[in-house]
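Visitor: Take a look at the following structure, please.
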Amino acid sequence: MNLGMRVRGGVLAALIMFAVPAATTLAAVLMASPAAAQGVSSIQVEGNRRVEVETIRSYFKPGPGGRLDQGQIDDGLKALIETGLFQDVRINQAGGRLVVTVVENPVIGRIAFEGNKKVKDEQLSAEIQSKPRGTLSRPMVQSDAQRIAEIYRRSGRYDVRVNPEIIEQPNNRVDLVFTITEGSKTGVKSVEFVGNVAYSSYRLKDIIKTRESNLLSFLGGADVYDPDRVEADRDLIRRFYLKHGYADVQVVAALTEYDPEKKGFLVTFKIEEGQQYRVATVNFESSIGTLDGNTLRSFSRVYVGSLYNAEALEKSVEEMQIEASRRGYAFAIVRPRGDRNFEAHTVSITFAIDEGPRTYIERINVRGNTRTRDYVIRREFDLSEGDAYNRALVDRAERRLKNLDFFKSVKISTEPGSSSDRVILVVDLEEKSTGDFSVSGGYSTTDGALAEVSISERNFLGRGLFAKASVTYGQYARGYSLSLVEPYLLDYRVALGLDFFQRQQLANNFISYGTKTLGFSPRLGFGLREDLSLQLRYSIYQQEIQLPPNLANCNNNPANTLLAFNPSPAFVAANPGLGIDLAATNGLGCYSDGEASLPVRKELQSGSTLTSALGYSLNYNTLDNNKNPTDGLLVDFKQDFAGVGGDVTYLKSQIDAKYYSPLVADIVGVLHVQGGILNQIGNNDLRMLDHFQMGPNLVRGFAPNGIGPRDLNPFGTMDALGGTKYWGASYELQMPFWFLPKEVGLKGAVYADAGGLSDYKGPTTWAATGELTTPFNSTCTKSTVTPATAGTCTGLVYDNGNVVRSSVGVGLIWASPFGPLRFDYAVPLTKGQFDRVQQFKFGGGTSF
């Protein structure tokens with residue numbers, strides 16, 4: 001940082017001014033040594049304008065005889081200089097009198113900042129020590145300039161220049177102006193790793209937060225050099241290796257060098273990996289006579305034969321210590337000990353359980369929460385004032401507070417209490433903004449163009465509530481939703497969610513009808529374990545089909561007064577004696593202007609349908625990263641029972657499982673299996689809308705609603721009918737493009753999919769319109785196009801073949817600054833006769 005000639009000159013002048021009075025004072029004292037030997041009995045003050053005479057005299061404290069000796073004079077002189085109120089202080093002695101001559105520092109009238117665009121005046125004013133109407137101190141001004149530069153450095157602007165200027169005004173007043181040249185942000189031009197063998201640099205870049213600068217860096221901030229972030233990255237790398245068996249790993253250094261040619265920093269992490277260890281034995285030792293250490297074995301996440309995992313070790317210690325506390329051993333401490341076998345590359349783990357010091361929590365002080373209510377913070381603790389101090393529970397509370405994402409920083413420390421066996425827990429917080437307003441847009445081959453406006457608040461009213469409102473408007477999908485979540489229902493660790501929604505799906509290239517749904521759904525969420533959660537829900541919604549009149553005008557029943565008599569060609573062919581002439585419609589009858597499938601029209605005629613359902617979801621998640629997983633298992637099982645009131649009854653069960661496994665050279669394998677079944681309950685028919693509809697969500701390469709049972713009437717819309725059973729399996733290899741920078745975020749994928757959807761159980765006949773015969777209940781014949789035949793089936797004719805669909809394909813995955821984007825091109829290998837193919841699929845969106 002260059003403070004400019006004015007600052008350097010000012011500081012030099014200040015040093016000269018401070019040096020001169022000191023030398024003068026020393027000379028004065030030496031010249032007055034005879035009088036000083038006799039002591040001083042009176043003090044005379046000269047030159048003061050704002051500071052009171054008695055205030056200056058108070059710095060010279062006489063001895064018991066009421067006289068000042070030389071030591072007391074020197075102490076008083078030093079104290080006056082240290083106040084910063086004076087430019088100059090001189091002392092002379094004449095006889096028994098001490099003359100103190102002062103030159104007061106000017107008063108700051110105004111402080112201004114010029115050139116600052118990225119940091120507001122208010123923030124800078126709060127950081128500096130010089131204040132309006134305060135005394136000017138040139139060393140303090142220099143310190144303030146450095147403090148302003150540090151603020152800019154923390155935001156990545158290392159090229160900042162701060163020049164303070166002192167402008168003199170009448171009446172011993174000055175104006176203080178800080179002229180700031182902000183400069184551009186200093187980015188990270190390269191991130192390198194030295195000494196890494198087990199994991200590639202490409203893989204390690206996924207672990208750290210620091211990113212290299214690229215063309216799209218302006219949309220984020222992770223490429224801006226931040227020494228604190230680099231230091232935190234060292235710990236992230238170390239913890240990653242410790243989690244994967246490298247017990248001896250050391251991240252020796254994080255070297256940073258500014259490259260003036262590239263105008264950015266070069267960051268290099270030096271790593272010493274060591275050997276990978278496995279667990280040889282797991283033992284328990286307890287010095288507490290009544291507590292058998294082996295009874296805590298079930299709480300260990302460390303297993304014989306597994307890779308050494310420091311994270312699992314920490315969680316094991318925490319859970320064991322908490323369990324011991326529940327059993328009445330409130331002061332028990334669990335300490336892990338690892339004995340390495342360097343030749344066999346194994347570690348023998350011993351958990352030692354000892355009695356710790358008997359310390360109690362006297363008080364919990366919360367500081368820094370200006371908006372968040374105290375109880376929102378305190379409920380994250382599993383202990384309270386008066387309980388035994390348990391470090392494991394304190395660490396868990398700190399982790400929970402960080403996971404709330406309400407605070408920039410969370411630190412829990414201890415202070416001594418009123419006695420030796422008491423401690424005070426101090427929770428220091430720094431709050432941050434928890435509201436989000438986003439406008440997002442996207443496009444998919446299924447829903448077309450789509451835009452959403454949403455506003456959400458993670459800490460609504462400072463009570464820890466989550467609230468969100470969103471409005472969606474798209475080419476084929478529209479709606480709105482309101483959500484509210486109370487994470488602690490009745491002070492229990494049970495989350496209550498309330499969702500109100502309205503959705504409208506419009507007819508498109510894949511379905512001939514639209515649907516409109518209005519509903520409400522309360523839900524309860526339970527965290528059974530860190531990796532296992534349960535959700536209970538109740539859903540009630542009203543749904544109706546929307547269809548143009550020309551697609552719902554077939555009526556073979558003259559007695560049906562709801563529709564005009566408008567027969568189908570099949571009805572006319574089956575009843576030649578009626579003498580109906582279809583020449584005006586080219587023999588197509590009611591199909592001349594198109595006609596939706598029978599189940600769709602029947603649902604339309606039924607009007608709106610009310611569904612009332614109870615359900616639950618069980619989720620198991622061991623993924624290493626929810627956004628970009630490379631290892632772990634994710635399983636979601638859910639069931640819904642409809643029939644708690646309402647118009648429909650069914651039991652719907654679904655399971656979805658994904659297993660991620662790192663292979664070689666940063667290639668990740670993904671195994672995905674899924675399945676579902678819809679069961680009819682009682683005598684009520686299943687609606688077509690309650691069936692499973694499948695397409696690229698099951699086997700890529702097929703159109704939405706392109707798989708499974710389908711209406712075969714060639715003169716109608718040939719709607720997909722869905723099925724009551726489906727299964728799917730997929731294996732995918734995801735790999736980076738090694739020739740591209742990691743920060744581009746591009747990955748490639750190759751995959752093979754297989755699956756099936758079958759067993760339609762919805763309506764096939766409709767007595768009200770005279771559509772009664774199908775190949776399944778008569779010997780009627782179906783219609784065909786080539787050659788064109790009307791057939792004799794008046795009811796639904798559909799394909800229900802249980803065919804295995806399969807495909808292979810390639811994909812492009814882009815974790816773009818605009819949001820996740822994916823492009824897929826798949827070629828079906830096997831398919832049903834009437835399935836619909838869509839080889840290219842694209843989906844993605846962004847928030848801005």
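The values are calculated or read from the model by the stated rules, or taken from the named source; none is laboratory data. Please read these numbers as outputs of a predicted model, since none were measured by experiment. Here the Cβ is made from the backbone with ideal geometry for all residues, glycine too, and neighbour counts use every protein chain on show. All accessible areas refer to the heavy atoms of the entire protein, side chains included, with ligands and DNA or RNA removed. Shrake-Rupley method; radii C 1.70, N 1.55, O 1.52, S 1.80 Å.
Visitor: Can you tell me which of 702-710, 189-197 comes out highest on packing, and rank the rest after it, using the mean Cβ neighbours within 10 Å?
Guide: 702-710, 189-197
Visitor: Could you work out the helix-only [θ] at 222 nm for the chain, with each DSSP H run of four or more residues adding -39,500 (n - 2.57) and the total divided by the number of residues, to the nearest 500 deg cm²/dmol?
Guide: Details: 13 runs with 150 residues, N = 848.
Mean residue ellipticity, 222 nm, calculated: -5500 deg cm²/dmol.
Visitor: Here's a follow-up. If we count every other residue with Cβ under 10 angstrom of Leu307's Cβ, Lys/Arg +1 and Asp/Glu -1, where does the sum land?
Guide: Spelling it out: positives minus negatives among the neighbours equals +2.
Visitor: What length, rounded to one decimal in nm, is gained on full extension from Arg154 through to Gln680, with 0.36 nm per residue of separation minus their alpha-carbon distance?
Guide: 183.1 nm
Visitor: At 0.36 nm per residue, minus the direct Cα-Cα distance, what do Arg391 and Lys120 gain on full extension? Give it in nm, one decimal, please.
Guide: My answer for the length gained is 93.5 nm.
Visitor: Regarding segment 181-299, what is the average projected area of its C-alpha convex hull, in nm²?
Guide: 11.8 nm²
Visitor: So, by mean Cβ neighbours within 10 angstrom, what's the order for 730-739, 823-832 with the highest one leading?
Guide: Ranking the peptides 730-739, 823-832 by packing returns 823-832, 730-739.
Visitor: While we're here: Largest first, what is the accessible-area ranking of Asp428, Asp711 with a 1.4 Å probe?
Guide: Asp428, Asp711
Visitor: Give me the aspartates and glutamates in straight-line cross-link reach of Lys831: C-alpha distance below 13 Å, same-chain residues under 8 apart excluded.
Guide: Asp753, Asp799
Visitor: With charges set only on the Cβ (+1 for Lys and Arg, -1 for Asp and Glu), what does the dipole of the chain come to about its Cα centre, in debye to the nearest 20? Can you show the working numbers first?
Guide: Numbers: 91 positive and 93 negative charges, 184 e Å.
It comes to approximately 880 debye.
Visitor: Continuing with the same structure: Return the carbon/sulfur percentage of the accessible area of the chain, one whole number, probe 1.4 Å, all protein chains in place.
Guide: 55 percent
Visitor: Taking 31 Å as the cut-off for C-alpha to C-alpha distance, list the pairs among Lys432/Lys658; Lys205/Lys262; Lys468/Lys742; Lys411/Lys627 that go past it.
Guide: Checking Cα-Cα distances, Lys432/Lys658; Lys468/Lys742 exceed 31 Å.
Visitor: Counting DSSP beta bridges in the chain, what percent are antiparallel, to the nearest 5? Don't jump to the answer; show the numbers that get you there.
Guide: Values: 219 of 253 bridges.
DSSP beta bridges in the chain are roughly 85 percent antiparallel.
Visitor: Another one. Please list, or write none, the lysines whose alpha carbon is within less than 27 Å of the alpha carbon of Lys61, excluding same-chain residues fewer than 8 places away.
Guide: Lys78
Visitor: Any lysines with Cα under 23 Å of the Lys602 Cα? List them, leaving off those in the same chain fewer than 8 positions away.
Guide: Lys516, Lys652, Lys725, Lys761, Lys782
Visitor: Over the chain, with the other protein chains present, what is the accessible area per residue in square angstrom, probe 1.4 angstrom?
Guide: 50 Å²
Visitor: Indicate the helices, whole DSSP H runs only, in the chain that combine a mean Kyte-Doolittle hydropathy of 1.0 or more with a Cα extent along their long axis of 15 angstrom or more.
Guide: Span-like helices here: 4-31.
Visitor: Moving on to the next point. Report the rotationally averaged projected area of segment 748-848 based on its alpha-carbon convex hull, in square nanometres.
Guide: Mean orientational projected area (segment 748-848, Cα hull): 10.6 nm².
Visitor: Bin all alpha-carbon pair distances of the chain at 10 Å intervals from 0 and give each bin's fraction as a whole percent.
Guide: 2, 8, 13, 16, 16, 14, 11, 8, 5, 3, 2, 1, 1, 0, 0
Visitor: Antiparallel as a % of all DSSP beta bridges within segment 121-273, to the nearest 5?
Guide: Restricted to segment 121-273, the bridges split so that about 75 percent are antiparallel.
Visitor: Can you work out D for segment 107-251 in µm² s⁻¹ from Stokes-Einstein, where Rh is the Kirkwood radius over C-alpha pairs, the temperature is 10 °C and the viscosity is 1.306 mPa s? It would help to have the intermediate numbers written out before the result.
Guide: On the way: Rh = 18.2 Å.
Reported coefficient: 87 µm²/s.
Visitor: Dipole magnitude of segment 190-286 about its Cα centre, charges +1 at Lys/Arg Cβ and -1 at Asp/Glu Cβ only, in debye to the nearest 20?
Guide: Values: 13 positive and 16 negative charges, 61 e Å.
Here the size comes out at about 300 debye.
Visitor: May I pose another question? Hey, if you put +1 on the Cβ of every Lys and Arg and -1 on every Asp and Glu Cβ in the chain, which of Pro487, Leu598, Ala126 ends up farthest toward the positive end of that dipole?
Guide: Ala126
Visitor: Identify the residues of segment 373-417 with backbone N under 18 Å of a label point that sits 7 angstrom from the Cα of Glu486 along the Cα-to-Cβ direction, or state none.
Guide: 373-380, by backbone N distance to the label point.
Visitor: Once you've got the Cα coordinates, tell me which of Lys270/Lys747; Lys402/Lys638; Lys209/Lys243; Lys243/Lys270 are over 23 Å apart.
Guide: Lys270/Lys747; Lys402/Lys638
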